[in-house]
1. When both residues are 6+ apart or on different chains and their Cβ atoms are under 7 Å apart, which pairs have a first residue that lies in the stretch 15-41 and is without any contact (Cβ under 8 Å) to a residue 40 or more places away in the chain and at positive phi, and a second that is surrounded by 16 or more Cβ atoms within 10 Å (Cβ to Cβ) and outside any strand (DSSP E or B)?
2. Give the residues of the stretch 3-16 that are surrounded by 11 or more Cβ atoms within 10 Å (Cβ to Cβ) and not in a loop (DSSP other than H, G, I, E, B), sorted by residue number.
3. Condition first: out of contact with any strand residue (DSSP E or B) (no Cβ under 6 Å at 6 or more places or on another chain) and not in a helix (DSSP H, G or I). Now tell me which residues in the stretch 53-69 satisfy that.
4. Is it fair to say residue 76 is under 13 Å from residue 125 (Cβ atoms) and in contact with a strand residue (DSSP E or B) (Cβ under 7 Å, 6 or more places away or on another chain)?
5. Every residue in the stretch 17-52 that is in a helix (DSSP H, G or I) and either closer than 14 Å to residue 111 by Cβ or out of contact with any strand residue (DSSP E or B) (no Cβ under 9 Å at 6 or more places or on another chain) (or both), please.
6. Looking only at the stretch 75-91, decide whether some residue is within 18 Å of residue 19 (Cβ to Cβ), at pLDDT 95 or above and either loosely packed, with under 14 Cβ neighbours inside 10 Å or within 11 Å of the chain's Cα centre (by Cα) (or both).
7. Identify all residues within the stretch 105-121 that are part of a strand (DSSP E or B) and crowded, with 16+ Cβ neighbours inside 10 Å; write none if there are none.
8. Taking residue 99 as the residue in question, decide whether it is touching a strand residue (DSSP E or B) at 6+ places or on another chain (Cβ under 6 Å), more than 24 Å from residue 114 (Cβ to Cβ) and either modelled with pLDDT under 95 or not in a helix (DSSP H, G or I) (or both).
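The values are calculated or read from the model by the stated rules, or taken from the named source; none is laboratory data. On a predicted model such as this, the values are computed, not experimentally measured, just so you know. Cβ sites come from the backbone with ideal geometry, for glycine too, and all protein chains shown count toward neighbours.
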């Protein structure tokens, strides 16, 4: 197993890597739409979703992958009904015709206290 890291996406606090690679599979750890340098979550839902995909793209690039290599995305949203439309719009713009498997759940409690992130994703990609 190899750890994947880039300074172009936020790092986790503690012993959690941004991603790992094993046997061609890239597993991205819980990822937020925080700015990589400031660690701030944008106040606007669309800006947060766009930053989230920027972060994902950076981590995948560090693993020599692209969004077209994504196989599955697990999504957590703080308010599914409110935020799903804007998330889906950014999803469609970024993935285009590529359609990885996905699931989405709502949870009012995730991330670090006070950050108030709307979105969290976990991603599996395959570099075959």
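1. Taking only residues 6 or more apart or on different chains, the pairs are 39/10.
2. Answer for the stretch 3-16, where residues must be surrounded by 11 or more Cβ atoms within 10 Å (Cβ to Cβ) and not in a loop (DSSP other than H, G, I, E, B): just 4.
3. 64, 66, listed by residue number.
4. So residue 76 does not fit the description; no.
5. Scanning the stretch 17-52 gives 46, 47, 48, 50, 51, 52.
6. Yes, the stretch 75-91 contains a residue that is within 18 Å of residue 19 (Cβ to Cβ), at pLDDT 95 or above and either loosely packed, with under 14 Cβ neighbours inside 10 Å or within 11 Å of the chain's Cα centre (by Cα) (or both).
7. 119, 120, 121
8. Spelling it out, it is not the case that residue 99 is touching a strand residue (DSSP E or B) at 6+ places or on another chain (Cβ under 6 Å), more than 24 Å from residue 114 (Cβ to Cβ) and either modelled with pLDDT under 95 or not in a helix (DSSP H, G or I) (or both).
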